[in-house]
Structure formats: C-alpha cells, structure tokens
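Beneath this line is the structure, given in structure tokens, with notes to follow.
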Amino acid sequence: MKLFTPSENQKKWFFRHWYQLVRTLCLVLLAIICGVRATGRKRVPETGSCLLMANHASYYDVILLGIAQPRKVDFMARSGLFISILGLMIRSMGAFAIQREGGGASGIKETFKRLKQGAMVGLFPEGTRTTDGRMNPLKPGISNIARKSGCQVLCVGIAGSFEAWPRSQPWPGSHQFHLHYSELLRPADLAEMTEEQAMACLDSRLQSARLVSEAALKRLRHYSMF
C-alpha cells in the first residue's frame, strides 16, 4: 500500500493554516483571561523581510509577539527547547534552533536565509529571560545581525509578562499585557552606524518601548479599578 506523500505546496498550506489556527486560539484565550493591548501596530510592515526584536521576561513573550500583529513570525529559539513534543510543536510553528556553542553560526545563517525569503524573524537580543523584570544587557553580535541583514528592524516593548510568569515561577499566571511597537529602523539607518552605535541604538529602542508599555499598562490597570 502506497502512503500519501504531501507536496511542498501542500505542506506550506498546512503549516500556514496550522499557525493561524494556533494563533487565533491563543489570541482568544489570552484576550479573555488576561487582556492584551498593543500600540504602534501600524508600524508593522505588511510584507517584506523584518527583524522583530523584543525584551524577554517570560515564556508568554513568544505568544504575545505572535498574536499582537497579523504576520507570521519565525522565532529563533535555543536548541535546548527542540526536544520531545515541545520541539515538534515549536518547529511546526516555524521556529528554528540556535546553538549556543560555536557562536550560533547555524542559527544566524538560518536567520539570514529566512529574511532573504521575505519572512519576519523574531528574536530576543538579551538571549535569555530576565530574573528581576529589568532588561539584561544585549548579547554581543546582535547589532551585527541587524546591520548585515539588510532589512528593517522593529523593536517591541512587552509589559505584564514578567508579572504573569516570571522565571522563578513554574506555571503561568494571569496578568494584563501591553505591547508597544517603536519606529522602524531602516537598513540605511543601520548601515551608517558602527557596531557600537547600532548596539546602543537597539538597546535604547528596546528600553524606550518597554517603558512606554509599562506606563500604558499602569494606566489601564488604574482605570480598570473604576
């Protein structure tokens, strides 16, 4: 008996609709249980390659970046997550691994490959979740990825995810979330900067976006009391 072998187009169709299904379910659940707000979403490019960078405080961050805007996001994730059922799940959503050994060369190569194909690639420049709610220093080489990618860079600030699911807490909790999308960084802007200037620029954009989100979330929580 000959088994059915799907074509590449059929695989793409399936994974595209699978992503949208999971995204919709997560959006509905978090909107009802927690509440999700976002500002600056008009800055998200509708098409074309884009690097999506955000502060990292919780496992919620990946979900929030995926549901707060309509485009599919291919996330760069540490290789340790690609195990068992979890690995199958995140790979089916378009995520790809970065090996911490060897400077993550394979992950960076895959990032550039997907950007050349017009994808939106999401990554967390801090490299790991914060332990105290404050941003960690950005990982060396992040500015080089941004400069060499030749694409637009969109920095996002996330607030509320640390309170909902901090690193010290084994299970997710409930909290309102707010995301703020900063002004797009164009390839020409980054090309004119040195590596140090680009790093300082990215850090400033991320810190500013995070503070805007935190302030907006405080206002939301204040008015929700009345």
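The values are calculated or read from the model by the stated rules, or taken from the named source; none is laboratory data. Owing to the predicted nature of the structure, the values given are computational and were not obtained by experimental measurement. In this analysis, Cβ positions are derived from the backbone assuming ideal geometry, glycine residues included, and neighbour counts consider all displayed protein chains.
So the values come out like this:
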| quantity | calculated |
| --- | --- |
| Filtered residues of the range 55-85 (kept if under 19 Å from THR111 (Cα atoms) and in contact with a Gly (Cβ under 7 Å, 6 or more places away or on another chain)) | ASN55, LEU65, LYS72, VAL73, ASP74, PHE75, MET76, LEU81 |
| Qualifying residue in the range 21-41 (condition: farther than 26 Å from LEU88 by Cα, charged (D, E, K, R) and surrounded by fewer than 12 Cβ atoms within 10 Å (Cβ to Cβ)) | no |
| Residue that is surrounded by the most Cβ atoms within 10 Å (Cβ to Cβ) [pool: residues in the range 145-180 that are of a type in the set (S, T, N, Q) and touching a Cys at 6+ places or on another chain (Cβ under 7 Å)] | GLN152 |
| Output for the range 8-29, where each listed residue is in contact with a helix residue (DSSP H, G or I) (Cβ under 9 Å, 6 or more places away or on another chain) and among the charged types (D, E, K, R) | ARG23 |
| Test: residue in the range 160-172 that is out of contact with any strand residue (DSSP E or B) (no Cβ under 6 Å at 6 or more places or on another chain), touching a residue at least 24 places away in the same chain (Cβ under 8 Å), closer than 21 Å to ARG43 by Cα and of a type in the set (Gly, Ala, Ser) | no |
| Matching residues, the range 98-119, being more than 18 Å from GLY141 (Cβ to Cβ) and in contact with a strand residue (DSSP E or B) (Cβ under 8 Å, 6 or more places away or on another chain) | ALA119 |
| Single residue of the range 98-117 satisfying the filter (β-branched (Val, Ile, Thr) and assigned to a helix (DSSP H, G or I)) that is farthest from VAL156 (Cα to Cα) | ILE108 |
| Residue within the range 119-133 that is basic (Lys, Arg), surrounded by 14 or more Cβ atoms within 10 Å (Cβ to Cβ) and part of a loop (DSSP other than H, G, I, E, B) present | yes |
| Strands (runs of 3 or more DSSP E) within the range 1-82 that include 1 or more residues in contact (Cβ under 8 Å) with a residue 60 or more places away in the chain and over 22 Å from LEU202 (Cβ atoms) | 36-39 |
| Output for the range 83-97, where each listed residue is exposed (fewer than 13 other Cβ atoms within 10 Å of the Cβ) and either part of a loop (DSSP other than H, G, I, E, B) or touching a strand residue (DSSP E or B) at 6+ places or on another chain (Cβ under 6 Å) (or both) | ILE83 |
| Failed item, numbered, when GLU183 is tested on (1) crowded, with 16+ Cβ neighbours inside 10 Å; (2) modelled with pLDDT of 95 or more; (3) out of contact with any Cys (no Cβ under 6 Å at 6 or more places or on another chain); (4) not polar (S, T, N, Q) | (1) |
| The range 197-220 - residue that is free of Cβ contacts under 8 Å to residues at least 12 places away in the same chain and charged (D, E, K, R) and, of those, surrounded by the fewest Cβ atoms within 10 Å (Cβ to Cβ) | ARG219 |
| Residue in the range 98-111 that is modelled with the highest pLDDT, counting only those that are crowded, with 16+ Cβ neighbours inside 10 Å and closer than 21 Å to LEU202 by Cα | THR111 |
| Test: THR5 is β-branched (Val, Ile, Thr), out of contact with any helix residue (DSSP H, G or I) (no Cβ under 6 Å at 6 or more places or on another chain), loosely packed, with under 12 Cβ neighbours inside 10 Å and over 21 Å from ALA164 (Cα atoms) | yes |
